[in-house]
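Peer 1: Before we start, here is the structure in question, set down as structure tokens.
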Amino acid sequence: MRIARVFKWILIIVALLIAAATASVIALQEPLPSAGTAVASNSRVYESSYAGTIASAHDELDSYRASLLSPSISVAVGVAGKLVWADACGFADIESQTLATPDTVYPIGSVSKPFTGVLTSLLWQQGALDIDTDVRDYVPIFPEKEHTITLRQLLSHQAGIRHYRFSWRPPVFSESALNREFSSTEESLSLFADDALLFEPDTDFEYSTFGYTLVAAAIEGITGQPYIGALQKYVLEPLGMTQTSIDETGYISGGRATDYVATFSKKAVIRAPVTNSSYKWAGGGLVSTPTDLVRLGNAMLDDSLLNEATRNEIFTARGLPSGRLNPQHYGLGWRIGGLVVTDDDTGAERIITLINHGGTRAGSTAILLIVPDHEIVVAMAANTVGRGASAPITSVAAKIARKFAAANSRKAD
């Protein structure tokens, strides 16, 4: 009987906690604009020859935003190395009714990884580092493991470094959403440095943002400057990417979108919990705009930053001892997949190469797509996170990529 009474009281307490939490969420909800009510705040057309395709995509942008359960959405497209379109609709902040523009800055989550892959590969191309040597040559403070770890293995998630852990201790239930200031990359290593490897490097695959923190430590050891300083010097400044930085006040240029989380009602959002990305700048802590992301994508289509041999290395999915490619077809900072396109005349479908990376963090999602066959780059960002992580926004970006691919095919005819 005593056990039954205790169990009864536990159920009552849990029910009260759930009720209180639900009431709090309802009280904090902010109505999500329905499709057709959000104003496209600033559509910028840079290439008039794509006016018809741009108009079609622009007309659908607000419905895309609504499908993502996001207060706002921002998009940019590049073709043949040039920015051809940038647009945004919805609210960067609902409470103040601040409209999103193409200059609104969004956290890009794991789209930070391609930046780190490019930076590391550029330093390798210049002879400043060797991606196949022991990472401890560049980060001697990192504890020696039972196997040697290389930068190539870290960039492809085949080093055996673990990813985030979950916790039952509120208010943070995952290492993906820490709200703690780390003073340096060296301090960030303390989260995982003493953990055993999950497997012998290059024998398996485990997606790991922490692996990119170790890459950042190597970059700092090689360049003698903080990760963001090296990124600015070697990548951001040469490409004119003025709106990309770490997600920290004092570094961000322009207005930053407020982070939101979608609710089950699909009609409202709540503000995302406050987090601090200082432990994962290189793998998930950057902010940017789709326009800046297109600049990076455009640079991957020619020799303006990386030569052809280096690009082939980073855009080649790595294999495992089984003879198969790793499960995410991951190269060095990028995923290599396929985009299904349809021939306008015959209706036949074919798959063309799609180089991409998505990103999700507490309150935002982003995607960067490169379609080499058509020299198309599509980037998008939204200030919400919901079910499906970055898959829904990737699907939307793919639709826009197909529109421009079809336009290119018509021009070729």
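Peer 1: For ASP344 and SER184 in one chain, what is 0.36 nm times their gap in residues minus the Cα-Cα distance, to one decimal in nm?
Peer 2: Result: 52.3 nm gained on full extension.
Peer 1: While we're on this one: Taking 0.36 nm per intervening residue step and subtracting the Cα-Cα distance, what contour gain separates THR316 from ASP137 on full extension?
Peer 2: 61.9 nm
Peer 1: Relative contact order of the chain: what whole-number percent is it, with Cα pairs under 8 angstrom and at least 6 residues apart?
Peer 2: Relative CO of the chain lands at 22 percent.
Peer 1: For a protection proxy built on the mean count of beta-carbon atoms within 10 angstrom, sort 349-362, 316-329, 279-292 highest first, please.
Peer 2: By packing density, highest mean first, the sequence is 279-292, 349-362, 316-329.
Peer 1: Cβ under 13 Å from GLU181's Cβ, GLU181 left aside: what net charge do those residues give with Lys, Arg +1 and Asp, Glu -1?
Peer 2: Here the charged neighbours net out to -1.
Peer 1: Could I ask something else about it? Over the Cα atoms of the chain, Rg to Rh with Kirkwood Rh, two decimal places?
Peer 2: We get a ratio of 1.00 for the chain.
Peer 1: On a 27 Å Cα-Cα criterion, which of the cross-link pairs LYS82/LYS399; LYS233/LYS411; LYS267/LYS399; LYS82/LYS411 come out too long?
Peer 2: Cα-Cα > 27 Å for LYS233/LYS411; rest within.
Peer 1: For a protection proxy built on the mean count of beta-carbon atoms within 10 angstrom, sort 390-401, 82-93 highest first, please.
Peer 2: 82-93, 390-401
Peer 1: With Cβ to Cβ distances under 15 Å as the rule, what net charge do the other residues near ASN42 carry (K, R +1; D, E -1)?
Peer 2: Combined, the nearby Lys, Arg, Asp and Glu give -1.
Peer 1: Another question, if that's okay. For the stretch 50-194, just the Cα atoms, rotate onto the principal axes and tell me the three extents in Å, largest first.
Peer 2: Rounded to whole Å, the extents work out to 57, 45, 24 Å.
Peer 1: Mind checking the alpha-carbon convex hull of the stretch 163-252 and giving the volume per residue in Å³?
Peer 2: Each residue corresponds to 143 Å³ of Cα convex hull volume.
Peer 1: Highest first, please rank the peptides 126-138, 375-387 by the mean number of other Cβ atoms sitting within 10 Å of their residues.
Peer 2: 375-387, 126-138
Peer 1: Net charge near VAL105, counting Lys/Arg +1 and Asp/Glu -1 over other residues with Cβ under 15 Å of its Cβ?
Peer 2: -3
Peer 1: Here's a follow-up. Let me check the size of the stretch 205-358 from its C-alpha atoms; what are the radius of gyration and Dmax in Å?
Peer 2: 18.6, 57
Peer 1: I've got another one for you. May I ask you to list, by number, the DSSP H helices of the chain whose Cα span along the axis is at least 15 Å and whose average Kyte-Doolittle hydropathy reaches 0.0 or more?
Peer 2: 2-28, 112-125, 209-223, 391-412
Peer 1: So what's the Cα pair-distance distribution over the stretch 271-383, bin width 10 Å, in %?
Peer 2: All Cα pairs considered, the percentages come to 12, 36, 33, 16, 2, 0.
No value in this document is a laboratory result; all are computed from the given coordinates. Everything quoted here is computed from the prediction, not taken from an experiment. Counting neighbours? That spans all protein chains shown, and the Cβs are built from the backbone with ideal geometry, glycine included.
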